[in-house]
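Just so it is clear, none of the values below were taken in a lab; they were calculated from the coordinates. Keep in mind the model is a prediction, meaning the values are calculated, not measured. Every residue, glycine as well, gets a Cβ built from its backbone with ideal geometry; the counts of neighbours run over all protein chains shown.
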Amino acid sequence: MGDVDVGLDEIKRILPHRSPFLFVDRVVELEENKRILALRELRPEEPHFEGHFPGEAIMPGVLITEALAQTAGLLHGLSAMKSGKAPAPGQLFYLARADMKWTSPVRPGETLMLEARLVRSMGALFAFRVRAFTRQREVAAGSLTIAEAQEKKQGGPHGERI
């Protein structure tokens, strides 16, 4: 297992997301083109906690899924970067999720650990098994697919980029 310490500056070179929609704080393990482990410190002042739910704040499952998609994108981007072929920010898109299960609530003050494993690569599509957990329990697991945007070649109907 490759222990690493990738912080926000490097994460922002790969992901186009910014606060309040960037849900990965740090990458702590990386096995190129295989597996990644990232962390998110859940801060009480995050806007989604205010309304989900007042007096009993929990992180919405869709945001946990988004954090996992960002983690999968980081596995792809960091692996590509090491081989000199990193996609430009904004070129990776969360495409689909399957069999995602949310099994336990996550509250402000907890550390969310985000793991993605590359299962299959099909051209510009990448399938991952993902899971989110805290130190005490697994909170979500399922499958995600991300896509890398391909530049259109000149001479098409409009000749523009995606």
Quiz item: For the chain, what number of Lys pairs, 8 or more residues apart or on separate chains, have alpha-carbon atoms under 27 Å from each other?
Solution: 11
Practice problem: Counting helices only, and only those DSSP H runs with n ≥ 4, report the 222 nm mean residue ellipticity of the chain as the sum of -39,500 (n - 2.57) divided by its residues, in deg cm²/dmol to the nearest 500. | Solution: -6500 deg cm²/dmol
Quiz prompt | Distant-in-sequence amide H partners of ASP25 (H built 1.01 Å from N, under 5 Å) | solution = LEU39, ARG40, GLU41
Quiz item: Arranged from highest to lowest average of other beta-carbon atoms within 10 Å per residue, in what order do the peptides 110-123, 3-16 appear?
Solution: 110-123, 3-16
Quiz item: Expressed as an acute angle from 0 to 90° and rounded to the nearest 10, what is the orientation of the C-alpha long axis of helix 61-82 relative to the principal long axis of the chain?
Solution: 40
Practice problem: For LEU95, enumerate residues with amide H under 5 Å from its amide H, sequence gap 5+ or separate chain, H modeled in the peptide plane. | Solution: THR145, ILE146, ALA147
Quiz item: From the backbone phi of the stretch 98-107, what are the Karplus-calculated ³J(HN,Hα) couplings (6.51 cos²θ - 1.76 cosθ + 1.60, θ = phi - 60°) in whole Hz, Gly and Pro given as x?
Solution: 9, 6, 6, 10, 10, 10, 7, x, 10, 10
Quiz item: If you put +1 on each Lys and Arg Cβ and -1 on each Asp and Glu Cβ, how big is the dipole of the chain around its Cα centre, in Debye rounded to 20?
Solution: 560
